[in-house]
């Protein structure tokens, strides 16, 4: 057999070349998942940095998911009613106006074809709890649904309102939920109870738990943890809160790859850059 010359490489078929190309240049849906913003008590430094991240990602960003408690709806709270006196000069109208301003900023930073998903959380659900009270007629038409107040329908957001049962599925295997359980091992608990890979906020903690080919991710909060609006929470409970969010990559086969983006001193690293 004739010796091959130095540097010789066998000619690849078109199919083999395509396999190598796909391996080196995988096609992903890239999702930005933002948990528990709690406007107007959001972390304003992180807001600016996330808006810059969205601009940097440009057309490579496939979608944004607000996975619950985008609004705090503090003024409709009940279990923390005694703490309403801690804040002055805020009304439900103020909360809605600030929330709409935040939606505006997200949309202006994004490209026009971005997929947009909005999931209610237990704080957003305060609207429905208020409307279910027997004396809700006193509001007339003044008490707006958050969907109306944030103009979500006309802006093209896909909205789901049942915070306990609703979810969005990215790809074939990952459910985006708001979250239900707040025990210390909440990631484990959610995977155990749902039996399905999931990603959620709700507890304001950062955790993950894997079991076989399934996983659960608790991705933190984007609220201002030190804001006096949260003084109704015991100090020791707030000590375990952490800012964070997630990038999710869905491949052509529907499999997911989750990047939990941790925040330290209002800084985070993703997209090859420190923000």
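Every read-out reported here was derived from the displayed coordinates using simple, explicitly stated rules and does not represent laboratory data. Note that the coordinates shown come from a computational prediction; the quantities given were computed from them, not determined experimentally. No Cβ is skipped: glycine too gets one built from the backbone with ideal geometry, and neighbour counts run over all protein chains shown.
Enumerate the residues in the stretch 92-120 having an amide nitrogen under 18 Å from the point lying 7 Å beyond the Cα of residue 232 toward its Cβ.
Those under the cut-off are 92-96.
Just to be sure I understand the model, the point goes 7 Å from the Cα along the line to the Cβ. What's the resulting residue 48 to residue 181 distance in nm?
So the two model labels end up 4.0 nm from each other.
So if the hydrodynamic radius of the stretch 27-265 is defined as the Kirkwood radius over C-alpha pairs, what does Stokes-Einstein give as its diffusion coefficient at 37 °C and 0.692 mPa s, in µm² per second?
The diffusion coefficient I find is 180 µm²/s.
Give, in nm to one decimal, the length gained when the segment between residue 93 and residue 153 is fully stretched (0.36 nm per residue of separation minus the Cα-Cα distance).
19.7 nm
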